[in-house]
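The values are calculated or read from the model by the stated rules, or taken from the named source; none is laboratory data. Remember, it's a predicted structure, so these values are computed and weren't measured experimentally. Positions of Cβ are backbone-derived with ideal geometry, glycine not excepted, and every protein chain shown enters the neighbour counts. Protein only, heavy atoms only, side chains kept; ligands, DNA and RNA dropped before computing areas. Shrake-Rupley method; radii C 1.70, N 1.55, O 1.52, S 1.80 Å.
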Amino acid sequence: MNRLILGLGLLVVLLVTADNRLRAVAESERLATSALRPLTDPKAEVVPERVRVVSIRPRQSSQAWIYELQGRGWRYPGYFGAHVISDRIALLLRGFLQSAGTIVSTDSGDFDHYGLTSDTALRVELRDSSGELLLDVWLGRGAPGPRSSEAYVRRAGEDTVIHLHANPMHALVGARGVAPLIDPHVLPRNLTRKQLVKINFNTDESGVARSLWRIEVPPDTSAGSFPPRLGQIDYRWLAGVTGAVDTCMTTNVFAYTSFLRRLQYQRLFDPDANYGFVASGPTVELIDEEGVVDVLEVGGLDSERGGVLLRHRAADMVCTITPEKAALLFPQLRAALLDTLPRPSPYDLAEPTGGRLR
């Protein structure tokens with residue numbers, strides 16, 4: 001009887017020990033899966049500022065989109081050095097390098113469920129200036145859906161699936177064309193500029209203003225006028241044609257300059273090739289508050305390339321725009337600057353506001 005009692009006691013001890021062990025393992029796993037963790041080791045100090053090359057390999061593709069930081073702006077060498085929307089790159093890098101996530105699986109059999117197979121995921125590589133690989137990661141579906149602000153990811157070569165509390169895929173949403181993230185504007189956003197203060201037009205077209213410039217207007221202090229707000233500065237735009245000076249409608253000048261900022265090209269071409277631009281040809285010269293000058297050289301209609309050639313030397317780009325847009329580059333003094341514009345204006349019809357990126 002004593003032996004039986006002793007045996008039962010030992011069995012109870014073993015069962016309690018095993019139960020405690022299982023509980024400890026379960027708790028350890030729970031803590032491990034619930035703990036927030038970054039995709040990179042904090043000791044490695046992988047921060048967005050170190051990244052100089054971003055490679056994005058689309059689903060089921062052997063060809064990657066490769067973006068490079070050149071100077072202060074991101075470019076896409078694969079398409080004649082096209083400018084890239086830096087804000088989108090920054091969003092992508094923050095998602096991978098400044099966000100954390102939790103483990104949801106360590107089973108490679110779950111990859112399909114999380115959109116992390118070679119047929120469903122994007123593969124993203126980040127490298128520094130020496131070419132060293134900083135992060136190699138697969139980006140799966142949104143969590144729980146495509147529009148979610150979170151996503152599933154896994155590091156290349158690892159089975160661990162992480163529910164990332166960010167969705168880098170949002171950086172690519174809405175972009176179209178040769179590759180995502182390309183800036184389609186004739187005046188790339190990478191070239192940070194202040195407000196325009198003067199625009200010069202070199203053209204033989206009659207009726208076109210030769211120059212537009214902005215002047216500061218002193219505040220109205222006459223009796224009965226509203227006192228000016230602190231720091232308020234009012235401006236007036238003037239236009240000059242063959243010695244005469246006219247005061248423009250401010251709304252018209254705003255419509256024109258907004259059109260320039262929105263203006264998108266059709267296609268890019270090799271900026272080093274010869275397209276027949278001449279020094280005395282038509283140009284639009286843009287001067288900002290700091291004296292920075294951008295010159296748009298306007299060529300002729302190129303039927304082979306499907307548009308009017310345009311060269312922007314400061315941006316190191318040659319592109320085509322439609323003839324309709326090219327005609328609006330040189331505003332007629334009376335119709336475009338002095339008289340009330342129709343609604344919608346020709347500028348809104350040619351380049352609608354809020355248009356989608358290519």
Once 158, 125, 216 are ranked on solvent-accessible area with the largest value leading and a 1.4 Å probe, the list reads 216, 158, 125
Suppose a student asked you for the relative contact order of the stretch 92-155, using Cα pairs under 8 Å spaced at least 6 residues apart; what percent would you report?
24
Under the rule of at least 5 residues apart or a separate chain, name every residue whose amide H is placed under 5 Å from the amide H of residue 105.
161
Label-point separation, residue 211 to residue 100 (7 Å along Cα→Cβ), nm
6.0
Could you pull the accessible area for residue 324 with a 1.4 Å probe, rounded to 10 Å²?
120
Per 0.36 nm of contour for each residue apart, how much would the distance between residue 353 and residue 267 grow if the chain were fully extended, relative to their Cα-Cα spacing?
29.0 nm
Separation between Cα centres of the stretch 291-313 and the stretch 38-99, rounded to whole Å
29
